[in-house]
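A short worksheet on the structure shown next.
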Amino acid sequence: MNLDFMTVYLYGGHVTSWKDEHGEELLFVSNKAIFKPPKAIRGGIPICFPQFSNFGQLEAHGFARNKIWSVDTDPPPFPVPISSRAYIDLILKPTDEDLKIWPHSFEYRLRVALGPGGDLMLTSRIRNTNADGKPFSFTFAYHTYFSISDISEIRVEGLETLDYLDNLQDRARFTEQGDAIVFESELDRIYLGTPSKIAIIDHEKKRTFVVRKGGLPDAVVWNPWDKKAKAMADFGDDEYKRMVCVEAAAIEKAITLKPGEEWTGKLELSAVPSSYYSGQLDPDRVIQDSVVPEDSVS
Ligand code: TA6
C-alpha cells in the first residue's frame, strides 16, 4: 500500500517509507535492498518475530519479515481508539511449513497508522491460538532504520547510565558512561530496561526523531560501519554513513503467552525540529492515551 506519506509491503508486513509534510523521506532503505523472499528488505522497519537476532534456534530475526502477510479485513477493535489520518491492518498466521519450524499457532495483527501530526504508529497484537494448551515465548524488535545526514554527527539520547549487552563483545554486559551515544566505529548494543522515549538528534538536518514505545522494555542501537557494510550484499559500501538503527525491542526477558492471551507492542515515531529537543527529553509526554500497561499481555 502506498499513501503519500507511508508505504507498507505485504512482504514482511514491512514499512519502507515514511515522509514528512515536505515529502522528505525519514526512513533509510538501501539502494541494494531486495524486495522478495527469502531476503528481508534492507531498510525501513523490519519486524523481528518470533526471535530477535540469534536468541534462539530460528533464522536470524525470526521468519515474520520473510513472509507474505495479508490485509486484515476484520480486525478486533482497539481498546482505545487510535486517532489517525490513515491506517492499514495486516495479519500473519503460520503456514503448515512454519509450524514445522516453530510449532505454535498464533495470530499476529499489525496496524500501521499515520497520526494527525504525521507521526508513524505501529501496533502489534500477537495472540496465542494454540489448541493444545501450550504457551509459547518469543523475543521481538521493530528494527527501524532511520535516515540521517551523517552518522558521525548524530547523538542518541535517553540511554545514559543504562546497562547494555555488547554484540561485538560476546554480549558482555556494560554500563553506558556517556551523556549520549555518538558513533565513531561499528556499534551493536542491546540496551536493557530503557525509558519509553529515546531521541535521535540530527543537528545537520535540524531534526530530531523521537521514538516512543509501549510493551517493549529494551532498545537496540546499531550501525555496521565500513567493514560490515562491505560484507553485506544488499547494502552499499558507504550507506552506513546515512542510517542508524534504533530498535524498540523485547529481548532480555522473552514474552510468554498462554493460549488465548494477547500481547501488544507499540511504536510511535515523530520527527520534530532539533531545537525543540536536544537534552530536553521531556519525561511527561507519553504515547497518547494508548499506552500499553506495563504488563502488555491481556
Ligand atoms: O539489530 C542489530 C542486528 O542484530 C545486528 O547484529 C546486525 O546483524 C543487524 O541486526 C542486521 O541483521 P540482518 O539479519 O538484517 O542482516
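Values in this text are rule-based calculations from the coordinates and carry no lab data. What you are looking at is a predicted structure, and each value in this text was computed from that prediction instead of being measured. Neighbour counts run over all protein chains shown; Cβ positions are idealised from the backbone, glycine included.
Tabulated data
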quantity	calculated
Burial order of peptide ranges 258-270, 96-108 (average beta-carbon count within 10 Å, highest first)	258-270, 96-108
Assigned charges on the beta-carbon of Lys, Arg, Asp, Glu; the chain dipole about Cα centre (debye)	660
The chain: most fluctuating residue of Pro37, Pro79, Pro116 per GNM, C-alpha cutoff 10 Å	Pro79
Debye log10 I(q)/I(0) at q = 0.11 Å⁻¹ for the range 142-260, Cα point scatterers	-0.37
Highest average packing first - 150-158, 9-17, Cβ atoms within 10 Å	9-17, 150-158
The range 258-264 - phi-based ³J(HN,Hα) in whole Hz, Karplus 6.51/-1.76/1.60, Gly and Pro as x	7, x, x, 7, 10, 9, 10
At 0.890 mPa s and 25 °C, Stokes D of the chain from Kirkwood alpha-carbon radius, µm² per second	127
Distant-in-sequence amide H partners of Gly118 (H built 1.01 Å from N, under 5 Å)	none
